[in-house]
Amino acid sequence: MPLLHLPAPPRLPHFRRAKHAAAWLMWSLAVGVGAISPANADEFDWSIGTYVGKYHDAEPAGALAGRANYAEHYMFAVTGSKTVWRHSEWPIAIELDAMAGQQSGLANLTEVAFAPALRWSGFPWRDVLRTDIRLAPLGVSYTSRVGPMETGPDGRGSRTLNYLFVEAAFSSPRATAHEFFVRLHHRCAIYDLLNNYGANGEDFLSFGYRHKF
């Protein structure tokens with residue numbers, strides 16, 4: 001299959017590198033949507049969506065256990081994914097997931113991130129409510145500045161960190177192209193592997209919608 005050649009994105013004003021990356025991501029997704037052929041549309045190999053989240057101070061395990069404290073800091077994000085592998089018999093797939101988001105509240109900054117994600121859709125009640133779990137433990141996240149929630153005791157932090165998310169997605173068995181999801185969005189240093197500044201990173205409890213095609 002020949003490689004897809006993307007046209008050059010439209011000219012943009014001179015912003016920070018993160019905003020250029022966000023614009024390129026959105027342009028690439030838009031071109032990718034237009035390049036899908038009708039023969040592949042029924043397989044739902046692509047998706048695009050949006051989500052909103054609120055910042056909390058606990059890692060995903062702590063949030064699931066109810067130990068999170070929330071702050072008045074929010075994120076609005078656009079996300080897209082592409083299925084790159086699907087098992088022929090088991091309900092397992094691997095997707096490439098990308099996001100671009102704007103944070104506001106305690107600080108204003110832009111984030112772009114990318115990660116491969118494992119999707120499991122084999123729950124026994126899927127004929128009543130389609131329920132999928134998506135897990136992305138390793139990815140890359142970049143922010144336009146170091147936010148105040150990500151600085152250690154000495155005031156230092158990293159703009160580039162690991163990107164992790166855990167997601168539960170729900171759809172009607174009769175309309176699986178329309179999917180609502182809850183996502184724990186997490187940036188971290190992988191237990192001080194990327195830095196030892198003593199900061200947890202950023203975490204958002206997020207709710208969103210995606211359209212699969």
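The values are calculated or read from the model by the stated rules, or taken from the named source; none is laboratory data. Since this is a predicted model, take the numbers as computed values, not measurements. Side chains are part of the model used for accessible areas, which takes the heavy atoms of the whole protein and leaves out ligands, DNA and RNA. Shrake-Rupley method; radii C 1.70, N 1.55, O 1.52, S 1.80 Å.
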Mind grabbing the accessible area of Phe180 for me, 1.4 Å probe, Å², rounded to tens?
120
Provide Leu161, Leu193, Leu205 ordered by accessible surface of protein heavy atoms (probe 1.4 Å), highest first.
Leu193, Leu205, Leu161
Rounded, prolate or oblate: pick one for region 46-109, where a ≥ b ≥ c are the square roots of the eigenvalues of its C-alpha gyration tensor, a/c under 1.5 means rounded, and failing that, prolate if a/b is larger than b/c, else oblate.
oblate
If I stretch the segment between Trp85 and Thr50 completely, what's the gain in nm (0.36 nm per residue apart, minus their alpha carbon distance), one decimal?
10.3 nm
